[in-house]
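Report on the following structure.
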Amino acid sequence: MKIILTGNPNVGKSVVFSYLTGYTAISSNYPGTTVDILGGKTKLAGIDLEVVDVPGVYSLSGESVADRVADEIIKKGDYDLIINVLDANNLERNLFFAFELIEMKRPMIFLVNKCDIAKNRGINIDFKKLEELLGVKVIPIVATAGIGFDLLNNEFKNIVKNINDYIPKISVPDDKLDKWKMIGDVSSKCETIVHKHPTFLEKLEVITTTPVTAVPFAFILIILSFYFIRFIGEGLINYILDPFFNNFYMPIVEKLYSVISPGILRELLFGKSITPLEGFSVLTTGLYVPFVVVLPYIIAFYIVIGILEDIGYLPRLSVILDKFSHRIGLHGYGSIPFILGLGCKVPGIFSLRILETKREKLIAASLMFLSAPCMPQTAMIFAILSKYPVKWTFLFFIFLFSVGVLGAFLFNKIVKGEAQDLFVEIPPYHRPVLKNLLFKLNLRTKNFIKDAVPFVMGGIFFINILDVMNFFDMISKVFAPILNSVFSLPAKISPIIILGFLKKDVSITLLTPFNLGLRETLVSSYFLVTYLPCLASIFVLFKELGKKITVSVIAFNFVFSMFFSWLFSNILLAMGVQ
Amino acid sequence: MEITLSKAKNAKLKVIKINGGRNMIAKLYSMGIYEGVDIEKLVSYSKGPVVIKVLNSQIAIGHNMAEKIVVKEMN
Ligand SMILES: Nc1nc2c(ncn2[C@@H]2O[C@H](COP(=O)(O)OP(=O)(O)OP(=O)(O)O)[C@@H](O)[C@H]2O)c(=O)[nH]1
Ligand SMILES: [Mg+2]
C-alpha cells in the first residue's frame, strides 16, 4: 500500500515520516526544509506500507515553480491513501489545502499535529466535530513526542478493510471566496481560543522581528555564534581530541613506524614526517585533519545551526536581511541556502530550490561559492590562523564576505531581470527538542565522516605520493611565475593549489608544513576557498541548475577570485604584513 | 482611508484590492489573503518587508508586493 504525506509547509510532515519509517528526514522549524521527495517503508497494523514525504505546499493551484514537485505527485494519483498533516495552531489556514484535497475524492485521513504547542497557546479543537464537518477521519498527534501514533495504527486496521470509507463525501464550493467562507464556518464551530498571557517565546518573537531590536539582536547573535563555534571547536581539540591523538594514538603509530624498515612502503604510509601536519602521512595527518582539526568544528557548527533552525530563527533573519538582499538581487530567504552552505555546499545547493527564478539561484550560488566557505574549510582557517591574534580571522572573513557581496552585486547588474519579493510564512518559535537536535547532529556528523573523511585521507595519500616522488618541485616550477609575480606567494605551495581543486576541503591545512607567513597564509587560504567549487558541489550544481549556469558561476568566480587574491595580497603588503 | 499595505500605519487593516498578476493573487489566496479579509500589520521596515498576521499565522511580504496590496485602515 502506498501512502503520501502531504500538508502545508512546516506542519511536521518530516517528523511524522521519520517516526513512521525510522528513516532520517531532516526537520527544522522553517517552511521549505524538505525540497525533494523522500520515500520509506513502514508497517502499521501489520500491513507493509510505502510512505512518501512530499514537500509542503499551500495550494494545489500549481502556479508557483517551487511547488511543482509536490503538485505532480499529488495529482499523479498512484497512491492508495493520503495522510494530510495539519498544524493545530493554524487550523483555519491549513484547511484551505485540506479542502483542495477533499475535492480530489481520494481516500484520506488527517493528522492534526503540534497539539502540545496549541494547548500552551490556548487553542482548543473539538476533533470529533471537525471530523464530522469534514467527513474525514481526524487524529490529533504530537509528532515530536510520538503521541497519537497508536491511534493511527488502530485506524489502519480499518483502513485496509474499508478503504473506500475514507473518501470524503462533502462537497466543497468551487469559488475561492466561498471556500474561505466555508473554512471560517468550520473552524468557528470546532475551534475555541482562550486568550493567554504571551509566553516567553511569544515575547521573543516580537523582540526579534521589530526592527529597532531585531537588527542589534541578529548582529549580536551572529557574533556570539561565531565565538561559540570557535570556543566549542577549540575546546574539543585542545582538551579532548588532540591529547587523545597524541597520547594514545601516536605511540601506536610510532611503534609501527619503527618496525617497518625504511623504504618505499614506509614512505607511502608515513611520508617525509610522521608528525601530524608536518608531512603527508595518511596515518597521522590523514586522520588528524578530519578527526582532530575539522570534526570538532563540524559538531560545534551544527549544534548552533540546529538550535537556530529548531527555534525557528532563520525565517526571521530572512526578514531582517531582506532589504539588504534586494541590493544583490535576492530576497531575504536567499539567506537560508547561504547559511546551510556554511556547513556544506551540497545541502546549500539543494535548498536553492526555495528560490523561484533561475536568476536568483545563479546569484545565490555565486554568493555562496565566493563568500560562504563550508565548515571543513572554516575549521582549517580557524586552525591555521589560530597562532595569530583573532582579528586576522575576522579580517579574513570580512574580506571574503565583502567580495562575495560585490560579486553578487555585479551579477545582479549583469543578468537581466528583477529581484523577486519575499513571501514566506514566519513560524512561531518552538522550544527546541533535544531529541531532534541530536538526531540532526548525528545525521550531519555521520554524513561528514562517511562522505568527506575517505576523500580527505585519499587526498593526503595522493599528495604524499607526489611529495615522496619529488613531483612537487616539478609542479612548482611550472606555477612559480604566476604565484610569485601575481600573488607574491612562494612557488612551493602550487601542488596544494592544484590539489585544492580535487580535495578542496583539506587543501588549506596542507599549507601548514610549508611554514608560511601571515600574508601568505591569508592569501593562499583565500584563493583556495574561492577559486573553484569542490567537485561534489560542481556535480550537484550541474544537476540542479544545468550546464549553462554552472559554467558561468564557475568562470565568474574564478576570475573574481584571481583578481581579489591579487588585491588582498597587495593590500596586506601595503599594510606591511608578510 | 485606502492605502497600500506598506504605507499603512494602523495595525488593524482590511484588504481591499490586490493589484497583482494571477500568480501573485493565487499565492496570496492560498495563504488566506484575499479581498475583504481582516489582517493585522505587525512589523514594517521602511522601504522593506512587512510582516502581517492573517488567520493565526505570520507572513512576511516583500516591499514591492506590499505596495500592490491595497488596504483600509480599521479602528
Ligand atoms: N512542539 C512540537 N513541534 C513539532 C511537532 N511536530 C513537528 N514539530 C516541529 O515543527 C518543525 C517543522 O517540522 P518538519 O517536519 O520539518 O515540517 P515539514 O512539514 O516537513 O516542513 P517542510 O519540509 O518545510 O514542508 C520542526 O522544528 C519540528 O521539530 C509537534 O508535534 N510538537
Ligand atoms: Mg519536511
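The values are calculated or read from the model by the stated rules, or taken from the named source; none is laboratory data. These figures come from a predicted structure and were not determined experimentally. Cβ coordinates were reconstructed from backbone atoms using ideal geometry, including for glycine residues, and neighbour counts include every protein chain displayed.
Worth pointing out:
- When the residues of region A:52-72 are filtered to those that are modelled with pLDDT of 85 or more and more than 13 Å from ligand 1 (Cβ to nearest atom), the one that is farthest from the other protein chains (Cβ to nearest Cβ) is A:72.
- A count restricted to region A:206-220 and to residues that are in a helix (DSSP H, G or I) and either within 10 Å of another protein chain (Cβ to nearest Cβ) or surrounded by fewer than 16 Cβ atoms within 10 Å (Cβ to Cβ) (or both) stands at 10.
- Where helices (runs of 4 or more DSSP H) fall wholly inside region A:275-389, the ranges with 3 or more residues that are under 20 Å from residue A:546 (Cα atoms) are A:335-343, A:345-350, A:358-371.
- Number of positions in region A:523-578 that are of a type in the set (Asp, Glu) and under 22 Å from residue A:397 (Cβ atoms): 0
- Any hit, region A:243-255, residues being part of a helix (DSSP H, G or I), in the same structural domain as residue A:495 (by TED's automatic domain parsing), of a type in the set (A, V, I, L, M, F, W, C) and within 22 Å of residue A:378 (Cβ to Cβ): yes
- Scanning region A:32-58 for residues that are within 9 Å of ligand 2 (Cβ to nearest atom) and either of a type outside the set (A, V, I, L, M) or out of contact with any Pro (no Cβ under 8 Å at 6 or more places or on another chain) (or both) yields A:32, A:33, A:34, A:38, A:53, A:54, A:55, A:56.
- Every residue from region A:59-70 that is within 16 Å of ligand 2 (Cβ to nearest atom) and crowded, with 18+ Cβ neighbours inside 10 Å: A:67, A:70
- Contacts under 6 angstrom Cβ, first residue in region B:38-63 being facing chain A (nearest Cβ under 7 Å), partner of a type in the set (Gly, Ala, Ser) and part of a strand (DSSP E or B), 6 or more apart: B:49/B:60; B:51/B:60
- Flag for residue A:393 being within 28 Å of residue A:497 (Cα to Cα), polar (S, T, N, Q) and within 19 Å of the chain's Cα centre (by Cα): no
- Here the condition is being part of a helix (DSSP H, G or I) and modelled with pLDDT under 90; of A:513, A:533, it holds for A:513 alone.
- Members of region A:308-333 found to be within 11 Å of another protein chain (Cβ to nearest Cβ) and of a type in the set (Gly, Ala, Ser), listed by number: A:312, A:318, A:325, A:332
- Annotation note: of A:29, A:8, the sole residue that is closer than 27 Å to residue A:339 by Cα, in contact with a Phe, Trp or Tyr (Cβ under 6 Å, 6 or more places away or on another chain) and within 12 Å of ligand 2 (Cβ to nearest atom) is A:8.
- Consider region A:19-40 and keep the residues that are more than 8 Å from ligand 1 (Cβ to nearest atom) and more than 21 Å from residue A:72 (Cα to Cα). The one that is farthest from the other protein chains (Cβ to nearest Cβ) is A:22.
- Condition met for residue B:11 (more than 12 Å from every other protein chain (Cβ to nearest Cβ) and among the small types (Gly, Ala, Ser)): yes
- Some residue of region A:265-273 being under 30 Å from residue A:212 (Cα atoms), among the basic types (Lys, Arg) and part of a helix (DSSP H, G or I): no
- Comparison of A:426, A:336, A:349 shows that the only residue that is within 14 Å of chain B (Cβ to nearest Cβ), away from ligand 2 (no atom under 16 Å from the Cβ) and either under 27 Å from residue A:295 (Cβ atoms) or at pLDDT 90 or above (or both) is A:426.
- Residue identified as away from ligand 1 (no atom under 14 Å from the Cβ) and buried (at least 21 other Cβ atoms within 10 Å of the Cβ) among A:47, A:82: A:82
Residue by residue, here is whether (1) closer than 19 Å to residue A:30 by Cα; (2) surrounded by 21 or more Cβ atoms within 10 Å (Cβ to Cβ); (3) at pLDDT 95 or above holds:
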residue	(1), (2), (3)
B:10	no, no, no
B:17	no, no, no
B:26	no, no, no
B:29	no, yes, no
B:35	no, no, no
B:46	no, no, no
B:55	yes, yes, no
B:60	yes, yes, yes
